[in-house]
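Trainee: Attaching a single structure in structure tokens format; questions to follow.
The values are calculated or read from the model by the stated rules, or taken from the named source; none is laboratory data. Note that the coordinates shown come from a computational prediction; the quantities given were computed from them, not determined experimentally. Note that we place each Cβ from the backbone using ideal geometry, even for glycine, and neighbour counts take in every protein chain shown.
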Amino acid sequence: MSAATTINGGLRRVPAWPLYILGAGYMVWEFWQALNGLGPYGVEPINVLEREYGEIALILLIAGLTVTPLRTWTGVNLIKFRRAIGLLAFFYVLAHFLVFTVLDVQTIGRVVTEVIKRPYVTVGFLGFLALIPLAVTSNNWSIRRIGPVRWRRLHKLTYPAALLGALHYIWLVKGWPLEPFLYMGAVIALLVLRLNWTKIRAILIPSRQQTNS
Ligand code: HEM
């Protein structure tokens, strides 16, 4: 029996719902720490919380993108956890956005100005918009309603959302810290792995039959 089969056998017994509890619990825990100025929240708690939620959102988006290539390349199947990962990514982006709008910027006029005037905020906002239809349709009823083919096509919006999220991070940092580039590298690598390599090889290296004709 292969390692992937053993892992999949074990995973079959693990339910997806604890992920929601873990994700929500961690979000509340961070908020509570920020509220009480604990841990990393001693200085500028609102800004630290905003950044924390943003970074977790990006990590979850990347984790969601990992599921399919992991199955294709190793056989390990985490598909049943993907909806929970994706929805948690959305709720962390939403929390990130709410901390920015309600606690940081505080007025609708200033939020609009920030979104229009600061390119990195515009890019983040576009990423957020791309995630909304995904979050709304991440349920069995929507899959039935839209049809699996169109649903899968719609859910490819995760690709631009993750790219925009990573670009947003690169754009907002000053200097050349490694972290945002590592996230962007991971997103690009995961998207490249999803390409249909059989098709690409067939286009780039035509078969002998085609070459001879
Ligand atoms: C796909 C959506 C998004 C992702 C993945 C994302 C991710 C991130 C990340 C990773 C950071 C930096 C965290 C760090 O420094 O450790 C960040 C910062 C920030 N994000 Fe987002 N973000 C998204 C959407 C948004 C939206 C919709 C807004 C507001 C309209 C926004 C506003 C900001 C701001 C203002 C900061 C900088 C906070 C500061 O240092 O002052 N982001 N975001």
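Trainee: For Ser142, state whether it is at pLDDT 95 or above and part of a loop (DSSP other than H, G, I, E, B).
Mentor: Answer is no for this residue.
Trainee: May I ask you to list the residues in segment 107-133 that are among the hydrophobic types (A, V, I, L, M, F, W, C) and farther than 15 Å from Phe97 by Cβ?
Mentor: Ile116
Trainee: Within segment 174-192, can you find the residues that are closer than 23 Å to Glu114 by Cα and surrounded by 14 or more Cβ atoms within 10 Å (Cβ to Cβ)?
Mentor: Scanning segment 174-192 gives a single hit, Pro180.
Trainee: For the structure I just gave you, tell me whether Thr66 is out of contact with any helix residue (DSSP H, G or I) (no Cβ under 9 Å at 6 or more places or on another chain) and among the hydroxyl-bearing types (Ser, Thr, Tyr). Reasoning before the result, please.
Mentor: On the way: out of contact with any helix residue (DSSP H, G or I) (no Cβ under 9 Å at 6 or more places or on another chain): no; among the hydroxyl-bearing types (Ser, Thr, Tyr): yes.
Spelling it out, it is not the case that Thr66 is out of contact with any helix residue (DSSP H, G or I) (no Cβ under 9 Å at 6 or more places or on another chain) and among the hydroxyl-bearing types (Ser, Thr, Tyr).
Trainee: Can you work out which of the residues in segment 48-86 that are assigned to a helix (DSSP H, G or I) and over 24 Å from Ile132 (Cβ atoms) is nearest to the ligand (Cβ to nearest atom)?
Mentor: Here the residue is Val48.
Trainee: Considering segment 148-173 alone, what residues qualify as being within 22 Å of Pro119 (Cβ to Cβ) and free of Cβ contacts under 8 Å to residues at least 12 places away in the same chain?
Mentor: Answer for segment 148-173, where residues must be within 22 Å of Pro119 (Cβ to Cβ) and free of Cβ contacts under 8 Å to residues at least 12 places away in the same chain: just Val173.
Trainee: Return the total of residues in segment 109-128 being touching a residue at least 24 places away in the same chain (Cβ under 8 Å) and farther than 21 Å from Val187 by Cβ.
Mentor: Total meeting the criteria: 0.
Trainee: Out of the residues in segment 1-13 that are among the β-branched types (Val, Ile, Thr) and touching a residue at least 12 places away in the same chain (Cβ under 8 Å), which is farthest from Arg83 (Cα to Cα)?
Mentor: Thr5
Trainee: Can you go through Ile132, Ile79 and tell me which one is hydrophobic (A, V, I, L, M, F, W, C), under 30 Å from Asn196 (Cβ atoms), surrounded by fewer than 15 Cβ atoms within 10 Å (Cβ to Cβ) and touching a Phe, Trp or Tyr at 6+ places or on another chain (Cβ under 9 Å)?
Mentor: Ile132
Trainee: Could I ask something else about it? Name the pairs whose Cβ atoms lie under 8 Å apart, with the first residue in segment 90-101 and without any contact (Cβ under 8 Å) to a residue 12 or more places away in the chain, the second near the ligand (Cβ under 9 Å from one of its atoms), and 6 or more positions between them or separate chains?
Mentor: Thr101/Val111
Trainee: Among the residues of segment 95-127 satisfying the criterion of being assigned to a loop (DSSP other than H, G, I, E, B) and more than 8 Å from the ligand (Cβ to nearest atom), which is surrounded by the most Cβ atoms within 10 Å (Cβ to Cβ)?
Mentor: The selected residue is Gln106.
Trainee: Mind checking which residues of segment 177-191 are within 12 Å of the ligand (Cβ to nearest atom) and of a type in the set (Val, Ile, Thr)?
Mentor: Scanning segment 177-191 gives a single hit, Val187.
Trainee: May I pose another question? Checking Lys174 against (1) within 11 Å of the ligand (Cβ to nearest atom); (2) not in a loop (DSSP other than H, G, I, E, B): exactly one of these is not met. Which one?
Mentor: Result: Lys174 passes all but (2).
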